[in-house]
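Read the structure below first, then the notes.
The values are calculated or read from the model by the stated rules, or taken from the named source; none is laboratory data. What you see is a predicted model, and the numbers here were worked out from it, not measured in a lab. Virtual Cβ from ideal backbone geometry, glycine too; neighbours counted across all protein chains shown.
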Amino acid sequence: MKTRIIRISTVPMSLNLLLKGQLKMLSEHYDVLAVSSPGDDLQLVANREEVRVEPVAMERHISPIKDLKSLIRLVKLFRRERPWLVHSLTPKAGLLSMLAARICNVPVRVHTFTGLVFPYTTGLKRRLLMFTDRLTCACATVVNPEGEGVKRDLERAKITNKPLVIIGNGNVNGIDLDYYQPSEVVSALARKYKRDDMFTFCFVGRVVGDKGMNELARAFQRLMVDHPKVRLLIVGSFEEKLDPLQPENKEFFLNSPQVGFMGWQDDIRPFLAASDAFVFPSYREGFPNVLLQAGAMELPSIVTDINGANEIIRDGENGLIIPPKDEERLYQAMLHLVEHPEETRRMAGQARPMITSRYEQHAFWNQLLQFYSSLSESL
């Protein structure tokens, strides 16, 4: 009989996108139950990963009454299922599931911090976020930062005295290098967007202020003046309620003939394959998967000196690292790649090998299994 484990996230999209393939792999070794708020993505997880799923409604933001109801439902679920391990992935699911697992005396309680919000807030909100993170860690038996940057932030803020264990080289699932690779099929799809006569930058993500998109709009407009043969592909969507772009920059992205605004896309490979470089001027991240994907597609990246990004990109080797919120340095980095094609090609040639050596998915899965095995042996 297989040992039972529970993997949990606040919303099902996290299980569906971030842990693709991993739950099915784990089911070969464990009896896996996937838990999140209800939604279509949860059924997709059940069908694709071939694991049991359980919907438990959880709010992403603070909601004391609803949070208490979710906690009670999780306690009932854990008492019924009696898992050996509960492993949570996102902040609210982490807080609630670690509390519930502690109440139910689940032997192994692991929370993965994929990113921290409190370092970028102030006042009461910062203190509240630090308190909830400390409570999550207090209830967990093992704390797993996704990368070295997240680990440093936890240590500096003294969130916990428990050992902080990074699995492999960081990340939560590694990258499927068979899927993310330049191939004939992808190249055929990319021909629709490819322009051999232009240098193309690509951005993938939420089109909001804290992704550095205001700086990118202004830097790219300057670049267009110096080098008319440049283009920018944007794959993502605007958010009007949370950190929206400055109106003039949104208008530029939508109306400039040298910007291809593609909206949200399920398959980003054709846009990466149609590009010469990736640009990601975000203010904060945990461990951005999109940089792994861009690197696997043989793109050098311009990134800001933030958690995760500065672990994946090595300055001058597979990309360039600039300070966050620095329009001038962003412009200079983009200009450098355009004006130094040999150096750009050299970094592109190193992009995929550097991802392959550190973040290949099956290697990460083996490290995850070893991690779980070590927890079993330590009991």
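Results for (1) out of contact with any Phe, Trp or Tyr (no Cβ under 6 Å at 6 or more places or on another chain); (2) surrounded by fewer than 21 Cβ atoms within 10 Å (Cβ to Cβ), shown as yes or no for each residue.
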| site | (1), (2) |
| --- | --- |
| PHE278 | yes, no |
| GLU285 | yes, no |
| ALA296 | no, no |
| ILE302 | yes, no |
| GLU317 | yes, yes |
| GLU327 | yes, yes |
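Return the residues of the stretch 69-102 that are touching a residue at least 60 places away in the same chain (Cβ under 8 Å), part of a helix (DSSP H, G or I) and β-branched (Val, Ile, Thr); say none if nothing qualifies.
None; the set is empty.
Any residue at all in the stretch 231-243 that's touching a residue at least 12 places away in the same chain (Cβ under 8 Å), more than 26 Å from PRO323 (Cα to Cα) and either surrounded by 14 or more Cβ atoms within 10 Å (Cβ to Cβ) or over 20 Å from the mean Cα position of the chain (by Cα) (or both)?
No, that holds for no residue.
Residues of the stretch 354-379 being polar (S, T, N, Q), farther than 28 Å from GLY319 by Cα and touching a residue at least 12 places away in the same chain (Cβ under 8 Å), which ones?
SER376, the sole residue that qualifies.
Table: residues versus (1) assigned by TED's automatic domain parsing to the domain that holds GLU248; (2) modelled with pLDDT of 95 or more; (3) more than 20 Å from the chain's Cα centre (by Cα).
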{"site": "LEU124", "(1), (2), (3)": "no, no, yes"}
{"site": "CYS137", "(1), (2), (3)": "no, yes, yes"}
{"site": "GLY149", "(1), (2), (3)": "no, no, no"}
{"site": "ALA190", "(1), (2), (3)": "yes, no, yes"}
{"site": "ARG195", "(1), (2), (3)": "yes, no, yes"}
{"site": "GLY209", "(1), (2), (3)": "yes, yes, no"}
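List every residue pair whose Cβ atoms lie under 6 Å apart, where the two residues are 6 or more positions apart in sequence or sit on different chains, the first residue falls within the stretch 323-350 and is free of Cβ contacts under 8 Å to residues at least 60 places away in the same chain and on the phi < 0 side of the Ramachandran plot, and the second residue, located anywhere, is part of a helix (DSSP H, G or I) and surrounded by 13 or more Cβ atoms within 10 Å (Cβ to Cβ).
Going by the 6 Å Cβ cut-off, the qualifying pairs are PRO323/ARG329.
Could you list, in sequence order, the residues of the stretch 184-203 that are of a type in the set (Gly, Ala, Ser) and without any contact (Cβ under 8 Å) to a residue 40 or more places away in the chain?
Filtering the stretch 184-203 for residues of a type in the set (Gly, Ala, Ser) gives 187-188, 190.
The answer is ALA188, and nothing else.
With LEU330, LEU242, LEU254, LEU233 as the choices, which residue is in contact with a Lys or Arg (Cβ under 9 Å, 6 or more places away or on another chain), farther than 23 Å from THR114 by Cα and not assigned by TED's automatic domain parsing to the domain that holds SER14?
On the way: LEU242 fails: farther than 23 Å from THR114 by Cα; LEU254 fails: in contact with a Lys or Arg (Cβ under 9 Å, 6 or more places away or on another chain); LEU233 fails: in contact with a Lys or Arg (Cβ under 9 Å, 6 or more places away or on another chain).
The conditions single out LEU330.
If we scan the stretch 212-221, do we find a residue that is among the aromatic types (Phe, Trp, Tyr) and farther than 19 Å from THR304 by Cβ?
Scanning the stretch 212-221 turns up no residue that is among the aromatic types (Phe, Trp, Tyr) and farther than 19 Å from THR304 by Cβ.
Out of (1) part of a helix (DSSP H, G or I); (2) buried (at least 21 other Cβ atoms within 10 Å of the Cβ); (3) hydrophobic (A, V, I, L, M, F, W, C), the odd one out for MET354 is which?
MET354 satisfies all of (1) part of a helix (DSSP H, G or I); (2) buried (at least 21 other Cβ atoms within 10 Å of the Cβ); (3) hydrophobic (A, V, I, L, M, F, W, C) except (2).
Have a look at SER237, SER183 and point out the one that is under 27 Å from TYR120 (Cα atoms) and of a type in the set (Ser, Thr, Tyr).
From the options SER237, SER183, the qualifying one is SER237.
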